[in-house]
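Written below as structure tokens is the structure these notes are about.
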Amino acid sequence: MSSTERPVASPCVQICALDDDDICTGCQRSAMEITRWGRMENDERRQVLKLCHERALAAGLIFNAGSIAS
């Protein structure tokens, strides 16, 4: 992480419960990602955020605007 770049914020929403796949039902991070977050560089954090978004889409927790029929 460069000294001028601020850390990427945690996606934690204070709903901390792991499902059967060890994915947090609140933020969609894996248990390993949650554990490592404080030691990750920003690039890795952005990768995790992308995975969280993909997991939320797959679980039907959020919808892709392009997939909603008018």
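What ranking do 45-53, 57-65 get when scored by the average of other Cβ atoms within 10 Å per residue, highest first? Numbers along the way, then the final one.
On the way: 45-53: 15.8, 57-65: 10.0.
Result, highest mean first: 45-53, 57-65.
Model label points for THR4 and ASN42, set 7 angstrom from Cα along the Cα-to-Cβ axis, are 1.0 nm apart.
Please identify the GluC sites (Glu not before Pro) of the chain that satisfy two criteria: DSSP loop assignment and at most 14 other Cβ atoms within 10 Å. Which are they? Mind dumping the intermediate values first?
Numbers: sites: GLU5, GLU33, GLU41, GLU44, GLU54; in loops: GLU5, GLU41.
Here the sparse-neighbourhood loop sites are GLU5, GLU41.
Using a probe of 1.4 angstrom, how much of the accessible area of the chain is carbon and sulfur, in percent? All intermediate terms of the calculation are to be shown ahead of the outcome.
Values: 2810 of 5160 Å².
So the carbon and sulfur contribution to the accessible surface is 55 percent.
Using the Cβ-Cβ distance between LYS50 and ALA17 with R0 set to 30 Å, the FRET efficiency from 1/(1 + (r/R0)^6) comes to roughly 0.85. Karplus-derived 3J(HN,Hα) values for region 49-57, using 6.51 cos²θ - 1.76 cosθ + 1.60 with θ = phi - 60°, are 4, 5, 4, 4, 5, 4, 5, 5, 4 Hz; glycine and proline are entered as x.
Note that the chain presents 74 Å² accessible area per residue, ligands and nucleic acids not counted, probe 1.4 Å. Two numbers describe the Cα atoms of the chain: Rg and Dmax, which are 13.7, 46 Å.
The values are calculated or read from the model by the stated rules, or taken from the named source; none is laboratory data. For clarity, every value in this text was computed on a predicted model and none was experimentally measured. Every residue, glycine as well, gets a Cβ built from its backbone with ideal geometry; the counts of neighbours run over all protein chains shown. For accessibility, only protein heavy atoms count, side chains too; no ligands or nucleic acids. Shrake-Rupley method; radii C 1.70, N 1.55, O 1.52, S 1.80 Å.
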